[in-house]
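Below you'll find the structure, written out as structure tokens, and then a few comments.
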Amino acid sequence: MEITYLKGVGPKKAELYKKLGIETAEQLTELYPRDYVDFTNTKLIREAEIGEVCAFRAIVAGKKYPSGYSSRIQVYKAILTDGAGEITAVFFNTKFTFDTLKLNKEYIFYGKISGDYLNLQINSPQFVETASEGLLPKYHLTAGLTNNAVIANMKTALSQVKRAETFPEEILEKCALMGADEAMRKIHFPKNRGEYSEARRRLVFEELLTLKLGLSALKNRGRTLSGAVMADVDMNRFYGSLPFLPTNAQLRAVNDCIADMKRLYPMNRLVQGDVGSGKTMVAAAAAYFTRCNGFTTLVMAPTEVLARQHYETFRGFLEPLGVSVGLLSGSMTPAEKKRVRAAAESGSIDVLIGTHALIQKTVNIKRLGLIVVDEQHRFGVAQRSTLAEKGANPHIMAMSATPIPRTLALIVYGDLDVSVLNEMPKGRIPVKTYAVDSSFRTRVYNFIKKHIADGRQAFIVCPRVEQNDEDSSDKKSAIEYYKKLTEGEFKGIPTGLLYGKMKQADKDAVMSEFRENKLKLLISTTVIEVGIDVPNAAVMLIENAEQFGLSQLHQLRGRVGRGAEQSFCILMSDSKSEYTKARAKAMTDTTDGYKIADIDLQLRGPGNFFGREQSGALPMKVADFADDAGILGEVERLAGEILKTDPALSKEEHKGLRENVAKLFGGIGEYGLN
């Protein structure tokens, strides 16, 4: 049922829901609460502390309307009492809400206590009738959509939508799980924390089991014979052309890939390594091996900046060996794209590098044998599958510089074999990291200027925009910050600006000038987080460091320390929270991305470990890998048992599980469930 036709919604509100990705009543029921107001745990008014957020029961003893109507702010007051204490509730410009309070009736109120101990006050409290006490949901919203409106619409949707059961009765009993429809209703309006926990457990279990079954089925893609079975090649010519000695970890990873590509079934391997561990060399070696076997390679990067950098790096590795490398990107002219596509189709390009443009149906590459996907967490599994369709079951090598806690790797990369680059190239000096507050700002600026004067370069990551998620605000913030610094402390120093919504040609020009040392300072948003390699950059300052995830801070830090001299990362934050202090300590104590990932997982608590911008591979609505490790273990065992007896989920009792996998992964056939 389209949400427009849900009573109380209408076309205008439907447009607001569309911004949240909701177009039907069924989708609305899957907008799960992000938090709850707890009306079940009340205290006496006299026990409430100034500044505390709490709930209390009280009778409305008196109501006072504004005396005049000339003021722009109309103040409504209610005297509340529980027999032992008294407090004034204040409402601003909310006559309708105020009118719903009935004299001499008891309610439960919730909000922040203010005033003083002689005259307690609570401003704009939430309240419910005592008969409806429980946990009141708080939802993710968009401008123009209030929480009360969503609650009203949700109640209407729940009265019209019934969720079908997807689990066999046997699983429900064995795992002591609540039914699907009951869980859907109770996750929105639980009467108490116990009811909430049961409902959440069912939904988490379903999400994780669906993910695990889907990834396992995807891995079974290897049962289809590859059209690019390869034979041994003497790799010494490749290794002998390198300007450095590969690490043992790099050699192991290359050997893993070669062994996979010689099998009858397609490789599906992840090469995972911390920033600077040398994944690109492994990919270039695999591409060389592929070319020597008469096949071609596709390399897909998440951004155009990184695609162009890969293009230059692969050319450096491969063109001296007679391997041709091409680039296809969104910012190229139609004529340039046409020329590159024609060359790829004719077989005159051995390695084609690009962004999402490579997924387009117009791109065909002759004798495709290997696909390399960089920063694989940024691409959904469906995108990898679309690429794989461009050849006769080609080999797939995914790369990621995002360290993932070992407790997660099994399910996150459940469709991939994994090679870990756990050694850093010789000569790399660990980056020194410092955490300071803004009282050090002048000293930090002088530190940056000293390194620039010594011939080095520096990054400054812009303060992040918190108040909304509009791209224009990030752009505005970056431009204002750039203007402030270039007209102030860094006046006269050649400085570039980089942010996500710049035209590609402008981004390329800035990065080119920075690489060539024409620009000494680069002020940037997190667009520099992945892959940009400028060995001469020695200092990175990250403003408002408390607003970035711990793993993201580590990725940003990886942009320096890529040369032979000592580099520095400075985290600036005025936050005094224990969470911020713990993260700063982790960053200053270690440069090991895997240790940082483990700490990040421990610290995060509820929430998406990967962050919104990295959620493509893990579209979880309820499950949290940090909190739900116990359920994850149960799911692992159960998935193994199910697939052992029914690998294609073809049994009638597994029909619901099969449909869940199809819904999550965007199609059944692609994932070996034919």
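Numerical summary
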read-out	value
Two-site FRET efficiency, Met235 against Ser348, from Cβ-Cβ distance with R₀ of 35 Å, rounded to 0.05	0.90
Under 29 Å between alpha carbons - lysine pairs in region 139-225 that sit 8 or more apart or on different chains	11
Total charge dipole magnitude, the chain, about the Cα centre, Cβ charges on Lys, Arg, Asp, Glu only, Debye to nearest 20	1380 debye
Calculated FRET efficiency for the pair Glu516/Asp646, C-beta based, R₀ 56 Å, to 0.05	0.40
Helical segments meeting 27 Å axial Cα length and Kyte-Doolittle -1.0 threshold in the chain (DSSP H)	193-219
Rounded if a/c under 1.5, otherwise prolate or oblate - the chain, Cα gyration tensor axes	oblate
Order of exposure, largest accessible area first, which applies to Arg367, Arg46, Arg515 with probe 1.4 Å	Arg46, Arg367, Arg515
Residues whose placed amide H lies under 5 Å from that of Cys569, excluding near-sequence neighbours	Lys432, Thr433, Tyr434, Met540
Accessible surface of Glu652 - all protein chains present, 1.4 Å probe, nearest 10 Å²	140 Å²
Net charge of Cβ neighbours under 14 Å - reference Leu158; Lys, Arg +1; Asp, Glu -1	+2
Eligible aspartates and glutamates near Lys105 by straight Cα distance, threshold 17 Å, same-chain separation 8 or greater	Asp82, Glu86, Glu129, Glu133
Under 5 Å, built H, 5+ apart or other chain: amide partners of Ile460	Leu522, Ile523, Ser524, Leu541
Of all accessible heavy-atom area on region 24-76, the percent that carbon and sulfur account for (1.4 Å)	47 percent
Rounded to 5, percent antiparallel among DSSP beta bridges of the chain	35 percent
Where Tyr65, Tyr110 fall by accessible area, highest first, once all protein chains stay in place (1.4 Å)	Tyr65, Tyr110
All aspartates and glutamates inside 16 Å of Lys12 as judged from Cα atoms, apart from same-chain residues fewer than 8 positions distant	Glu2, Glu23
With all protein chains modelled, accessible area of His356 [1.4 Å, Å²]	80 Å²
Residue pairs, from the table Lys476/Lys501; Lys432/Lys475; Lys449/Lys518; Lys13/Lys476, whose Cα atoms sit over 19 Å apart	Lys432/Lys475; Lys13/Lys476
³J(HN,Hα) computed for each position of region 535-544 - Karplus, 6.51 cos²θ - 1.76 cosθ + 1.60, integer Hz, glycine/proline x	x, 7, 6, 10, 10, 10, 10, 10, 6, 6
Total formal charge among the other residues, if their Cβ is under 14 angstrom from that of Asp506, Lys/Arg +1 and Asp/Glu -1	+2
Average projected area [Cα convex hull, region 199-339], square nanometres	12.1 nm²
Most to least accessible of Val420, Val325 (protein chains only, probe 1.4 Å)	Val420, Val325
Exposure of Phe295 as accessible area (Å², to 10), given a probe of 1.4 Å and all protein chains	20 Å²
Point-to-point label distance, Ala453-Lys155, nm (Cα→Cβ direction, 7 Å offset)	6.8 nm
Heavy-atom accessible area per residue - the chain, 1.4 Å, Å²	46 Å²
Protein accessible area in region 112-160, 1.4 Å probe - carbon and sulfur %	50 percent
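The values are calculated or read from the model by the stated rules, or taken from the named source; none is laboratory data. Predicted model only: the values in this text are computed from it and were never measured. Because the Cβ atoms are built from the backbone with ideal geometry, glycine has one as well, and the counts that use them run over all protein chains shown. These accessible areas exclude ligands, DNA and RNA; they are computed on the full protein's heavy atoms, side chains included. Shrake-Rupley method; radii C 1.70, N 1.55, O 1.52, S 1.80 Å.
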